[in-house]
Each structure stands twice: as C-alpha cells, then as structure tokens.
1. Would you pick out the residues in segment 207-243 that are over 26 Å from residue 269 (Cβ atoms) and among the acidic types (Asp, Glu)?
2. Within 22 Å of the chain's Cα centre (by Cα) and either crowded, with 17+ Cβ neighbours inside 10 Å or part of a strand (DSSP E or B) (or both) - does that describe any residue in segment 294-302?
3. Working only within segment 11-28, note down all residues that are buried (at least 20 other Cβ atoms within 10 Å of the Cβ) and in contact with an Asp or Glu (Cβ under 9 Å, 6 or more places away or on another chain).
4. If we only count helices (runs of 4 or more DSSP H) wholly inside segment 2-91, which ones have 2 or more residues that are at pLDDT 50 or above, closer than 28 Å to residue 118 by Cβ and of a type in the set (Lys, Arg)?
5. Hey, can you tell me all the residues within segment 95-154 that are assigned to a loop (DSSP other than H, G, I, E, B), closer than 30 Å to residue 255 by Cβ and free of Cβ contacts under 8 Å to residues at least 60 places away in the same chain?
Amino acid sequence: MAQLIKLKNYISRYERDIYHYPSQFSRLKIENWNRLKALWIKQQENVEIVHKEVEVKEESKWRSIFKRQKEPELDEIKEEQSHLPSTELELKHFFLDRLLMFQLKWASTTISEMSFLDKDYKRDTLLKYLLQRLPDNFLLLYFPIFTLKNHLVDGEVILISPLEIEVITVFEKPAGKEIIANDDRVWYMEENNIQSKVLSPVISLKRTEKIIQSILKKHELDFPIIRTILSRENNIKYKSEPFRINYIGKSEHEEWIKQKQNLKSPLKHSQLKVANVILQNCETTAFARPEWERKRETNEDNNRHNFYEF
C-alpha cells in the first residue's frame, strides 16, 4: 500500500518526521497482517469444528432434537466467529480498507495536533485506487497546497518513488467519452462523433512540475521528474507523439499500475530527502488536540497499532 504523506493542507505525521514514519508504517503493516491472518486461521478452524459438530448431531433423531435445543448457542458461536471474512482474498480487502483508514489518520493528525478530515476522503475512489494498488515504496501527496512567496497554489497528485517524482493530472470524464489531446491550451472531448472543447490538463500539470522543480533547485537536489495525464475511464487519442508527457488512458492504466507494483526497490534516502523538502513547502492548517486525546494517542503510539481496529 502506498503511503499517504500529504493530504491537501492537512497536518501529517510524515511532515513531522519523514525519516521515521515510512519504515514504521511498513513494519506495522506486516506485523498487523500476520496477526490478523493468524486470527482468521483460528476462526476458520473453529467454524470447521462447529460445522462438524452439527453434522454429527444430524446423524440421529435424538441428536437432531439436541441440535434444536442448542441452536441459539450455535448461532452465538457463529456470530462471534463471523466478524472476519470467510476467504483469504476477502480478508486482504478487509485489511486494506482498515489500512486506508489508518493512513487517513496519519495524514490528518500528529500526537499533538489535528486537522479536520473531510469524511468524503473515506469514500474517495481515486485515493483508494492509488493507495491500495501501489506498494509501500511509493509516497503519495494527494492534491497538496503549496506556499510560494506568501501565495497558496493548488498542486496535482504527486507520486515519489525510489527512482523519480511523477506529477499526475487526473483527467477523467463520463465513461464512453473519448479524450483528444491537442495543445497546451485546448483539448477535445468526443462522443457520438460530436466534439466539444475543454481546458487542457497540461496547464495544471506543468504548473505543479514547475513548483517541484523550483523546490528542488532551491535545495540543490537532483531528482528526475516525469509528467502523466491519467484517465481510467476514457481512451486518450492524439495526433502527434506527446512531448515528455505520458498519456495513461483506459487501456493503459492497468499496465501502468503493474509496472509500479513490479518496482522492488526499497525506500531510498534520496527519495525521503526529496519528499521532506517538498513537504516543507506545503501549506498546513491544524489545531492543538485536546489533552485527553494526546494522552490516548501517546499510549497507542507506545503500544502496537492494530490497523483493523480503526
């Protein structure tokens, strides 16, 4: 699961210590998955025992009567054991959904401060897609707001891998429409052979790229930047080969994701250093957490985190 290091202008644990939290997250994820899977295996064994007991009881009339007498108890056992999914694949989805909630928590609170999280992010399908489909070694800034010379500037989606920074403009329209790439100012949408003009996504893409370039230059850092326009629901057509921009449409996005999933490189110091300077140029709005919340959070931080309890 990719790590959400910045969400809009919310406070983030990663901006407090980028060199600590990424590795801690990966470690906690493995520990919690192993614990959860052990619980699930135990549940499966208990359910199997209950089923075998029921089968034995059904073998005779006397045992059938006994089964009916004990039915409420059996129901209670089944209810107790049904809090986890029945298959391992469903368990993985269950775990990833709890992990998503945990990521939102880390991307909107620290032990001492908090930002008010918009509940819509819990149902944000694009955010879920990027976080759950990409591995831990990708660091995600989700539409951050930059502070530049006392001005606030909205940024695009930014992915920082061990190899490069990828600036992504998500340009998605209703399914069935085709996107026709044109120049830096105007693109076209086409449906039923009817075209309509739209503002080119290249404008916001280049704006965010320039912001990242200026931050890296200021800190004398050299790290590759690539540009991507992503549309999971629409095909992107173009007349001439795009210049230094990846067009990832409906037919390309699965391969785009798979390539990232196959990147086995661990987190790198240079990657974390780049992430740190970008985070330091992001706007943050936060408030002090109540004293009782700070104490509870400190206790949780000192103990093991259970992702699936959030």
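The values are calculated or read from the model by the stated rules, or taken from the named source; none is laboratory data. These numbers come from a predicted model, not from an experiment. So basically every Cβ, Gly included, is an ideal-geometry build from the backbone, and we count neighbours across all protein chains shown.
1. Of the residues in segment 207-243, the ones over 26 Å from residue 269 (Cβ atoms) are 207, 229-243.
Across segment 207-243, the qualifying residues are 233, 241.
2. Checked against the condition, which is being within 22 Å of the chain's Cα centre (by Cα) and either crowded, with 17+ Cβ neighbours inside 10 Å or part of a strand (DSSP E or B) (or both), segment 294-302 yields no hits at all.
3. Here is the first cut: in segment 11-28, the residues buried (at least 20 other Cβ atoms within 10 Å of the Cβ) are 11-15, 18, 22, 25.
11, 22, 25, listed by residue number.
4. Working: elements: 13-16, 21-57, 61-81.
Result: 13-16.
5. Step one: filter segment 95-154 for residues assigned to a loop (DSSP other than H, G, I, E, B), giving 107-108, 110-112, 115-118, 124, 134-138, 143-144, 149-150.
Subsequent filtering for residues that are closer than 30 Å to residue 255 by Cβ retains 107, 124, 134-138, 143-144.
124, the sole residue that qualifies.
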